[in-house]
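Structure first, then comments.
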Amino acid sequence: MATKKAAFIHSPELESFSYPEHCPFDTDRAGRVRRVLKSMGLLSGQGRREVAPVAARREVLRKFHSTDYLHALRDSARGRWKVEMLGMGIGTVDCPVFAGMHDYPVLATGGTLTGAELILSGSAAVTFNPSGGFHHAGPEHASGFCYINDVALACIVFAEKGKRVLYLDVDVHHGDGVAYAFYERCDVMTVSFHQDPDTLFPGTGFVDEIGARAGEGYCVNVSLPVDTYDEAYLKAFEAVFPPLAGVFNPDVFVLQCGADGLAGDPLAHLQLTNNVYSEVVSHLLTYDKPILMTGGGGYNVDNTVRAWSLAWSVLCGAACDHETSAAIGGVMLESTDWQGGLRDRALAVTNEQRESVEPALKATVKRVQEKVFPIHGLEVPK
């Protein structure tokens, strides 16, 4: 694979913030990814570099969020929370009030926007902000640990420059904030692979949510049954994503690479290994288009760190044999249960699992194809 100019976006300042102790969102994941990659020599050489984020400017944040909402975030962080802010989702169990609740997402969002600017300027072909991916936040509403929607803003910035954007969301939770931001637009296609919304927050992202007006057919939702495993996931991905990406022909990809679909995540119920995310990134690279990748969910921290480290190594085209360097990878990741380096070991799939997952996922893929493919002139497979 040809070397691409790649930028890993992080700074020590991001590590100075933390959510309240009771909240499962761990801001330290990005710093741990950075330390793993640094120890493996994957942040320099061969076109790779580290770039510090620049806090997002208020005028850019207002491209998606309302002024009143941004004021409410800042006031709450300064101890001036009011009960009516609950109507904005501020002060709920999943979006608690804490001192860094304004400055942290503003800086994290700045990281994603820094990645977008590097791509637009030609300074990088692929960028990764592990501190980004806050796909649940709405224009005037915090939700699901998300206060500012950095990925929606990145899509807006690209679109304003005349770029056709394909937003791919592989977080286990539906990327609702981004999907609805572009629900009536055709310059940004949103594709989300997520656990069945009948079984998981936020309860949106059904197959029949395909966009409206000019955006009809440009919002694509593939809901995954509980216990979905690698083989089934990748089969569904292959059946839906390449045909749509080919006909849409984007100028840039934005990938929200939430890792909470991994087996063992405490907040979800899929059975994936990080090899799925590696395959997704590898597929995106075949289009030879710029890729902006962010983090997202992932609440088994060790597994998430390994998944994002592997995703970056693939994204930047690092010539690293994770299998032959297995033992050293295990040591670097301070893992005692698996000495397989960055790649997860394969997980056994039971007959019961196959019988539960395969028919349901096959039916979902068929419905997606029937609803969306004809809009784009694609033939529905028999």
Answer residue from the range 24-68, given it is part of a loop (DSSP other than H, G, I, E, B) and charged (D, E, K, R) and is nearest to Thr114 (Cα to Cα) among those: Arg57
Check whether at least one residue in the range 209-224 is out of contact with any Pro (no Cβ under 9 Å at 6 or more places or on another chain) and over 18 Å from Tyr183 (Cα atoms), and report yes or no. yes
How do the pairs read when you match residues in the range 25-39 that are of a type in the set (Phe, Trp, Tyr) with residues anywhere that are modelled with pLDDT of 95 or more and outside any helix (DSSP H, G or I), using Cβ under 6 Å and keeping only pairs 6 or more apart or on different chains? Phe25/Tyr19; Phe25/Phe145
Could you check how many residues of the range 177-191 are closer than 19 Å to Cys146 by Cα, touching a Ser or Thr at 6+ places or on another chain (Cβ under 9 Å) and either of a type outside the set (A, V, I, L, M) or part of a strand (DSSP E or B) (or both)? 3
When restricted to Gly264, Gly246, the only residue of a type in the set (Gly, Ala, Ser) and part of a loop (DSSP other than H, G, I, E, B) is Gly264
Restricting attention to the range 339-382, and to residues there that are among the acidic types (Asp, Glu) and touching a residue at least 12 places away in the same chain (Cβ under 8 Å), which single residue is surrounded by the fewest Cβ atoms within 10 Å (Cβ to Cβ)? Glu358
Those residues that are of a type in the set (Val, Ile, Thr) and in a helix (DSSP H, G or I), I need them from the range 82-117; list them, please. Val83, Val106, Thr109, Thr112, Thr114
I'd like the residue in the range 1-54 that is out of contact with any Gly (no Cβ under 9 Å at 6 or more places or on another chain) and small (Gly, Ala, Ser) and, out of all such residues, is surrounded by the most Cβ atoms within 10 Å (Cβ to Cβ). Gly31
Could you please find all residues in the range 236-293 being in contact with a helix residue (DSSP H, G or I) (Cβ under 7 Å, 6 or more places away or on another chain), hydrophobic (A, V, I, L, M, F, W, C) and farther than 26 Å from Ile375 by Cα? Cys257, Ala259, Leu262, Leu272, Val276, Val281, Leu292, Met293
Give the residue, chosen from Val151, Val93, that is touching a strand residue (DSSP E or B) at 6+ places or on another chain (Cβ under 6 Å) and either crowded, with 24+ Cβ neighbours inside 10 Å or more than 21 Å from Val252 (Cβ to Cβ) (or both). Val151
What about Val240, is it under 16 Å from the mean Cα position of the chain (by Cα), at pLDDT 95 or above and not in a loop (DSSP other than H, G, I, E, B)? no
Considering each of Lys4, Lys63 in turn, give the residue that is in contact (Cβ under 8 Å) with a residue 24 or more places away in the chain, more than 20 Å from the chain's Cα centre (by Cα) and closer than 17 Å to Thr109 by Cα. Lys63
Of the residues in the range 187-216, how many are surrounded by 20 or more Cβ atoms within 10 Å (Cβ to Cβ), farther than 24 Å from Val357 by Cα and small (Gly, Ala, Ser)? 1
So which residues in the range 203-237 are more than 24 Å from Lys382 (Cβ to Cβ), aliphatic (A, V, I, L, M) and not in a loop (DSSP other than H, G, I, E, B)? Ala214
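The values are calculated or read from the model by the stated rules, or taken from the named source; none is laboratory data. Keep in mind that this is a model prediction, so the values were computed, not measured. Cβ: placed from backbone, ideal geometry, glycine included. Neighbour counts: every protein chain shown.
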